[in-house]
1. Which whole-number percent is the relative contact order of region 208-355 (Cα, under 8 Å, 6+ apart)?
2. How many percent of all Cα-Cα pairs in region 20-88 sit more than 20 Å apart?
3. Identify which of the listed values of Cα Rg over 2.2 N^0.38 Å was calculated from the structure shown: (i) 1.25; (ii) 1.10; (iii) 1.75.
4. With a cut-off of 8 Å between alpha carbons and a minimum separation of six or more residues, what is the relative contact order of region 1-148 in percent?
5. Considering the dipole of the chain built from charges on the beta carbon (Lys and Arg +1, Asp and Glu -1) around the Cα centre, which of A171, Q360, Y43 is farthest to its positive end?
6. Where does the chain land at 222 nm, in deg cm²/dmol rounded to the nearest 500, when only DSSP H runs of n ≥ 4 count, each adding -39500 (n - 2.57), divided by all residues?
7. Work out the charge dipole of region 208-355 with +1 on the Cβ of Lys and Arg and -1 on the Cβ of Asp and Glu about the Cα centre, then indicate which of W285, G303, P320 is farthest towards its positive end.
8. What dipole magnitude, in Debye to the nearest 20, does region 11-155 give about its Cα centre under +1 on Lys/Arg Cβ and -1 on Asp/Glu Cβ?
Amino acid sequence: MSRPLRALFLSEGALGIGTVGHARIEPAVRAGLAGRDDVQARYVTLPPQGLAANSLARGVPGLGAADLDLQAVRWHMVQAVRARRLLERELRRAPADVVHVVSHSIALGMVSAMRRVPVLLSADVGIWPYREFALWAPLRPHSRAAMAPSLALERRALRNAALVLPWSEWARAGIERETPGVRCVIHHPGIDLTAFRPAPRRPRERPRVLFVGGRFLQKGGRDVVDAVELVRRTHDVELDLATFEAVAPRPGLRVHRGIAREAVLDLLQQADVVMAPTHGDASPWAVLEAMACGATVISTSVGGVPELLGHGSAGVLVAPRDPRVIADALTALIDDPQRRIALGQAARARAEELFDARRQAARLVELMREACATWSAAPGAAAAAGADAAVRAGSADTRSSRGRASRGSRRG
């Protein structure tokens, strides 16, 4: 393809305080593609839900805890309709050679578009593996059956995608378990290492511990507070919490309401230890940002976190929901500053090796071009594209004929 690749990037964006990590992806892709003249990138983000959509997707009091309100399914349906309309509008506005969608869970209604243009689905976690974390409601014997409509549409979308891009081996395994034979290549969007980087530490009297998380309880914020309280019995430490939730003040605790990138960056660069004992996560952005800043990370062995931290070579992994274990890990790092420094350096090196946005963007462009070539050569693809073009041409002819007839009647 001699001309620039016309790539449309469609993102779900931040979903309130529940999920802010997806909002980090577009800046990473933009940074990765900066200065390239072989890609003509266009970025669109799904806007926040309106009143009607929010009402349809809202949980039903009294039924949610029993997993009987089908809230997750209704959420997927609402997002699928909204994302499909946005994609169709953008494709009508300007053609695209390839479409990249984050996250795949909003692509459940895009099969029609996938038959006209190659679509790559970026997936941090499959729908059912995420539900298995039981972050919002306990798993019930009927929970999988309650998710059946979403899972069926997910399989359909994954099978029709030109390529699926799981962020980790853990994510790939979950997707392939649910949808055998799907075309997968592991690809993380990466992070802008020129923005998130180590910085000189300002003098301090005691070690600084940091927690970053919008969902305070699910991300392990309460576990961090309890663990630091245990550590403070023998060590003098400071704790910074960057979260949306209100946390009761106490000695040695500073609460920063909000987790905007600019506000968090300095906290990450100045932290001695970043605590991320999440109860359930795919590839938490806070962990990667801490690694990029050369911070030492304590996180939990859930989801794709072990892969981020090199299975313990670039951070400390602990069991979730256990403040005593977390406190022991933090105490060990405070008592061994050389190990703490070495882990922080290893974290930065791992970020440079595997998660550099520029390197990841270059690989993404390769995957996009390969997907375009494979998709155009697939049986039926050319026919589908031709049929779609014929339909558009026919519609244009019809509109033109109607216009001529209308103008003729007005002239008559």
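Since every read-out is calculated from the coordinates, none of them should be taken as a lab result. As the structure is a prediction and not an experimental result, all values here were calculated from the model. Neighbour counts are summed over all protein chains in view; Cβ atoms, including those assigned to glycine, are modelled from backbone coordinates with ideal geometry.
1. Reported relative contact order: 24 percent.
2. When all Cα pairs of region 20-88 are counted, 50 percent exceed 20 Å.
3. (ii)
4. Values: 184 pairs, mean separation 40.2, N = 148.
It comes to 27 percent, rounded to a whole number.
5. Y43
6. -14500 deg cm²/dmol
7. P320
8. Values: 18 positive and 12 negative charges, 77 e Å.
Around 380 debye, computed over region 11-155.
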